[in-house]
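Structure first, then comments.
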Amino acid sequence: MSSRTATPGYPADQLLGLFPPGTVIGEDGGLVIGGCQVAEVAERFGTPALLVDESALRARARRYADGLAARWPDSRVAFASKAFPCTAVYRLLAEEGLSIDVAGGGELTLALAAGADPSGLVVHGNAKTERELRMAVESRAGLIVIDNFDDIDRLERILAEYPGREQAVLVRVTPDIRPDTHEAVATGQRGSKFGLLVPQAREAIARLRGSDRLRLDGVHVHVGSQILDTEPFARAVAAVAELGEFAVYDVGGGLGARYTYDDRPPSVEEYLDAVVDVARALLPSDARLLIEPGRSMVAEAGVSLYRVVTVKRSGGETFVAVDGGMGDNLEVSLYGQRFEATVATRVGGGEPCRLVGRHCESGDTLSTGVPLRDPRPGDLIAVPVTGAYTYSLSNNYNGAVRPPVIFCRDGESRAVVRRETYDDLMRRDLP
């Protein structure tokens, strides 16, 4: 294998920089991810498919965990699992020593099934039902994040059924910080449905300090996702520092991923430095510091593979339609997220195309103006940076079946989630 130069205008290092670290272009001109030729993976498992470079994901987890521990010894990284709620991903990250952040009973169930340590679970949600809170208590989840006063009422009622038991909690604070990100993924501003504004947070803290069932361990803050500068994170730490001294400070996640050639998110190390520098200045030195990376943990490790179904030149544009789309990647439709792409066997360069999906919506577009070299029906298309939220948001629109998840490592590929079937679509139907 070699890292042969792609078509002029898109050097191989620039193009491959969007793919999982270690991705190369093979001697035959095709992409090789995790030591696996993607053309062979597609032939074996079909398309659409979501590939995950297992070694790249493990390395990212260690980079976060080791980096935080070196800067703040009493610390913990909790994977924000809404980014990729897949049992195999939970298991992999638990093996690397990470805790898991879950939102809702489904993610809680998956994390436990994967063998995650219940004591490391951080349970989130702005509308946690009594059933979900009961599941968290019964599983002995380490921390439950209080998002509203109803959480307190319900938990005290549930804990009354367990004599001698107490539940550790954090109060989620809304610090009135609006980062520069899409409206749909901004969570720290006034008017957010998440958390409690500072005056309400103080009220919740006072109430919890008087509870004989709930143990207030500290506070939590999270201001959004796909944030491409460190300033909002530093401001968030400063905001919760003003609420007093606690045993635990969970400062959330939200670091952005590099989706396009022009994106320049802070590195993991720059993010950690920004957070810890403020923590050293303002937080108690003996407190535990938690962070919750999600998108930035898993995005880069994932690559979506599609087959070209048709190529149509119309109205001055070249439409390249593939066998997937908004059924397996809703990020474009929901957030306007930009994705790059390439023909996987003729990497780089080519004419600007509109890469579209197969679903009956004009908004079913994966990317616009993306260079594809001589696209033809049957070609394999690779879309990088799809490890975050594509699996979470996959759906059955138009009766589409959801794609498999394929782990690739050291030249070996294995399915960790099978492809859905049409029988699966009807499995819940009743006569």
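The values are calculated or read from the model by the stated rules, or taken from the named source; none is laboratory data. Just so you know, these numbers come straight off a predicted model, no measurement behind them. A quick note on method: Cβ atoms are made from the backbone with ideal geometry, for glycine too, and the neighbour counts reach across all protein chains shown. Note: areas computed on protein heavy atoms with side chains; ligands, DNA, RNA excluded. Shrake-Rupley method; radii C 1.70, N 1.55, O 1.52, S 1.80 Å.
For this structure, a couple of remarks:
- In the condition set (1) of a type outside the set (Asp, Glu); (2) surrounded by fewer than 16 Cβ atoms within 10 Å (Cβ to Cβ); (3) outside any helix (DSSP H, G or I), Ala184 is compliant with all but (3).
- Which numbered condition Arg414 misses (of (1) within 25 Å of Ser81 (Cβ to Cβ); (2) in a loop (DSSP other than H, G, I, E, B)): (2)
- When residues in the stretch 214-227 are screened for being at pLDDT below 95 and open to solvent by 10 Å² or more (accessible area, probe 1.4 Å), 3 of them pass.
- Residue within the stretch 165-174 that is under 28 Å from the mean Cα position of the chain (by Cα), of a type in the set (A, V, I, L, M) and in a helix (DSSP H, G or I) present: no
- Residues in the stretch 327-356 that are open to solvent by 10 Å² or more (accessible area, probe 1.4 Å), among the small types (Gly, Ala, Ser) and more than 23 Å from His182 (Cα to Cα): Gly350 only.
- Pair list, Cβ under 9 Å, 6 or more apart: the stretch 209-229 residue free of Cβ contacts under 8 Å to residues at least 12 places away in the same chain, other residue in a strand (DSSP E or B): Arg209/Leu216
- Neighbours by Cβ (under 9 Å, 6+ apart or cross-chain): first from the stretch 55-83, in a strand (DSSP E or B) and modelled with pLDDT under 95; second of a type in the set (D, E, K, R) and surrounded by fewer than 20 Cβ atoms within 10 Å (Cβ to Cβ): none
- Segments classed as strands (runs of 3 or more DSSP E), wholly inside the stretch 280-399, with at least 3 members that are out of contact with any helix residue (DSSP H, G or I) (no Cβ under 9 Å at 6 or more places or on another chain): 302-314, 317-322, 351-356, 365-372
- Residue in the stretch 234-246 that is most open to solvent (accessible area, probe 1.4 Å), counting only those that are in a loop (DSSP other than H, G, I, E, B) and in contact with a helix residue (DSSP H, G or I) (Cβ under 9 Å, 6 or more places away or on another chain): Glu242
- Residue check for Glu231: exposed (fewer than 15 other Cβ atoms within 10 Å of the Cβ), closer than 30 Å to Thr109 by Cα and of a type in the set (Asp, Glu): no
- Failed criterion for Gly26 (all others in (1) modelled with pLDDT under 95; (2) in contact with a Phe, Trp or Tyr (Cβ under 9 Å, 6 or more places away or on another chain) hold): (2)
- Counted residues, the stretch 245-294 - those being more than 22 Å from Asp180 (Cα to Cα) and modelled with pLDDT under 95: 0
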